[in-house]
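This report refers to the structure that appears directly beneath it.
Every read-out reported here was derived from the displayed coordinates using simple, explicitly stated rules and does not represent laboratory data. Please read all numbers here as calculations on a predicted model, not as lab measurements. Cβ coordinates were reconstructed from backbone atoms using ideal geometry, including for glycine residues, and neighbour counts include every protein chain displayed.
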Amino acid sequence: MDKKLKIAIIGSRGYPYVYSGYETLVKELSERLVKKGHNVRVYCHRPLFKMKPKNINGIELVYTPSIETKYLSQFVNSFFSFIHVCFSKIDVVLIVNSANGPFGILTKLFGKKTCINVDGLEWLRPKWKGFGSLYFKISSKMATVLFDEIITDSLEMKKVYQNKFKRSTKVIAYGSTMLKYNFDNDYLNFLNIEKDDYFLIVGRLIPDNNSYLITKGFINSRSKKKLVIVGDVPYKDSYSKSVKLLENEKIILTGYIKSQKKLSLLYKNCYCYIHGHEFGGTNPTMINALDLNSNIISLETKFNREMLTNKKAIFFDKNANSIKDAIIKFEKQKNVIIKDNSNYIFPKKYKWQYITNQYLELFYGLTNFRNK
């Protein structure tokens, strides 16, 4: 019988706090690990939690300090979390976010077994200009040196780390959070939309998700459909404001949607999901669309191409005219595309149970605790 592990997770906002792909990973993974009998501890940003229970759903919660600013919150929280875990009896530490690369020196000194999920090409994202971009490059490099195992979420991202940092990685993807059962259309009625009545965008309103370009392309396509935009940013900036200023009778801005039921409903009934994410590996919003076999129009990147293997989709370049043409092309070819995707099988690698088993194999490999 396999030994039960003591696992700590550092680098997300905490549990249960679903805001991004990292928090989704922490939630889905930690809950399944606990059900398998393992002890899981999640480090949380103390200022984000009014109530601070020590345990939820069998998951131990530790609240460490943080400064809630755009640039320092994760850095400060991670520092205190790493200090705490180094003095704890933990078998293996899972770190998320390549920004935590430098802290690997602490776990290295204390002899902790570690693995880090480095996510995407953070140093290329527009929000990290100048020093921020440089920091992510250095931090990602340090992660490949200081942590025992590196996790990337796609084969193409594995190639990036192999070529840029000369470090092999373990590929483990993210999973879908969609609900499959049937439920009422109250939320569609609330938004005044119907099935196949709208295109859908899901993601934060940041430049590298290209919401502004997609919206301009949609308007220029003169489509009779509507465009539903799910997402926002937790701060005021010029880019998100520019997207919101494009609103007209055909554009519906929902802001954040925390309800998986509402989000599943929007994916399930959309005419087509439009994916504009630029710097990803495996992107959770695309996984959700794949899980429900939504029609998809996607930005042309090697990462998006990988995700859309065996799935018929239309691709566009990063400009409004190309997006306009893709929308027009989709509307002309919709029936053919649906027929081509009728036998699409959602890949096993995007299912949480399979993902959990992959992490466990990695943890056991690091600790040598199997069958002890």
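What the phi angles of segment 165-180 give under the Karplus curve with 6.51, -1.76 and 1.60, with θ = phi - 60°, is a coupling list of 10, 6, 10, 6, 10, 8, 8, 9, 7, 9, x, 7, 10, 6, 9, 9 Hz, glycine and proline written as x. Charging the Cβ of each Asp and Glu at -1 and of each Lys and Arg at +1, and nothing else, the dipole of segment 285-372 about its Cα centre rounds to 180 debye. For residue 226, a cut-off of 19 angstrom between C-alpha atoms picks up these lysines, skipping any fewer than 8 places away in its own chain: 195, 216, 244, 250, 262, 268, 324, 329, 332, 334. Among 44-51, 178-185, sorting by the average number of other beta carbon atoms lying within 10 angstrom of each residue, highest first, gives 44-51, 178-185. Relative to the Cα centre, the charge distribution of segment 186-347, modelled as +1 at Lys and Arg Cβ and -1 at Asp and Glu Cβ, gives a dipole magnitude of about 220 debye. Sequence-distant contacts, meaning Cα pairs under 8 Å at least 6 residues apart, place the relative contact order of the chain at 16 percent. Stretching the chain fully between residue 300 and residue 333 yields a gain of 10.0 nm (0.36 nm per residue, less the alpha carbon separation).
Pairs 258/311; 3/35; 52/261; 3/27: which exceed 19 Å Cα-Cα? Distance filter (> 19 Å) returns 258/311; 52/261; 3/27. The charge dipole of segment 153-248, taken about its Cα centre with unit charges on the Cβ of Lys, Arg, Asp and Glu (plus for the first two, minus for the last two), comes to roughly 640 debye. Across the options 276, 8, 230, the greatest Cα extent toward the positive end of the charge dipole of the chain (unit charges at beta carbon of Lys, Arg, Asp, Glu) belongs to 8. Measuring r between the beta carbons of residue 52 and residue 185 and using R0 = 51 Å, the FRET efficiency lands at 0.85. Calculated mean residue ellipticity at 222 nm for the chain: -12000 deg cm²/dmol, from DSSP H runs with n ≥ 4 weighted as -39500 (n - 2.57), summed, divided by the residue count and rounded to 500.
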